[in-house]
Amino acid sequence: MTTTRQDTRATRALRELEDGRASVRLRAALAAGTSPDPRFVDKLVERCATEPEFFVRDMLTWALTRHPVSLTLPALLRELRSERAQARSQALHTLSKIGDRRAWPAITRPLLTDADDDVARSAWRAAVVLVPEDERSALAALLVTQLGRGGRETQLSLSRALVALGEAMVPALLTATTAPDPRVRAHALATRRLLRDPDTGFEFGIEEAKRAVALGTSGREG
């Protein structure tokens, strides 16, 4: 009897994950995480790739973290090769929440330099969570190549990822402060300021850095 009720609840949740109402999909994702079931994993991952509502995607990720890593990890790693940007981005986000370092080899250069800013930001966040200690400097050197890209949100995400690497990123960042591209120099200086003083707002830091670059004083920043 209990098994029958569980099967009924699982069938209902699987069906409701496809409902046209966001509130119903949210409730179904909550149910899938509250009562984990191997049958949910593929559907949750599949839904992450297409779900339009942020708060539902967040619940889908939470539901996946409630399932055994032995089931979720292979499914998420497959999504990293998807042609759909949202599938790659959400899989990376979920991997960062799970935090299992066996996923690290899948965080490749193409993902870290993905042309889609959402994918790249998710890859940066996942990378700093999963990177082994002895590969932090190499990761920093790769991330520094992305300085200057995108708008404020993307630049702030990259700066936070670099700051999370701590001292391992300092040599690569210092080199970037003298880069020929003024956008790269300004972003590097703002990141250095964020590392030194995390309470300084990024907007203030980037504007100060841009002024320093324009005045040719960036190399004299203390």
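For (1) within 21 Å of Thr145 (Cα to Cα); (2) surrounded by fewer than 20 Cβ atoms within 10 Å (Cβ to Cβ), each residue gets a yes or a no:
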position	(1), (2)
Arg78	no, yes
Ser82	no, yes
Ala87	no, no
Gln90	no, no
Thr94	no, no
Arg101	no, yes
Trp104	yes, yes
Ile107	yes, no
Asp116	yes, yes
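Within the stretch 27-43, is there a residue that is under 17 Å from the mean Cα position of the chain (by Cα), of a type outside the set (Gly, Ala, Ser), closer than 24 Å to Leu77 by Cβ and surrounded by 14 or more Cβ atoms within 10 Å (Cβ to Cβ)?
no
Is it the case that some residue within the stretch 172-182 is surrounded by fewer than 18 Cβ atoms within 10 Å (Cβ to Cβ) and either free of Cβ contacts under 8 Å to residues at least 24 places away in the same chain or under 16 Å from the mean Cα position of the chain (by Cα) (or both)?
Yes, there is a match, as at least one residue in the stretch 172-182 is surrounded by fewer than 18 Cβ atoms within 10 Å (Cβ to Cβ) and either free of Cβ contacts under 8 Å to residues at least 24 places away in the same chain or under 16 Å from the mean Cα position of the chain (by Cα) (or both).
Readers should treat all values here as calculations from the given coordinates under stated rules, not as data from a laboratory. Bear in mind the structure is a predicted one, so any value in this text is a computation, not a measurement. For neighbour counting, all protein chains shown are included, and Cβ atoms are generated from backbone atoms with ideal geometry for every residue, glycine included.
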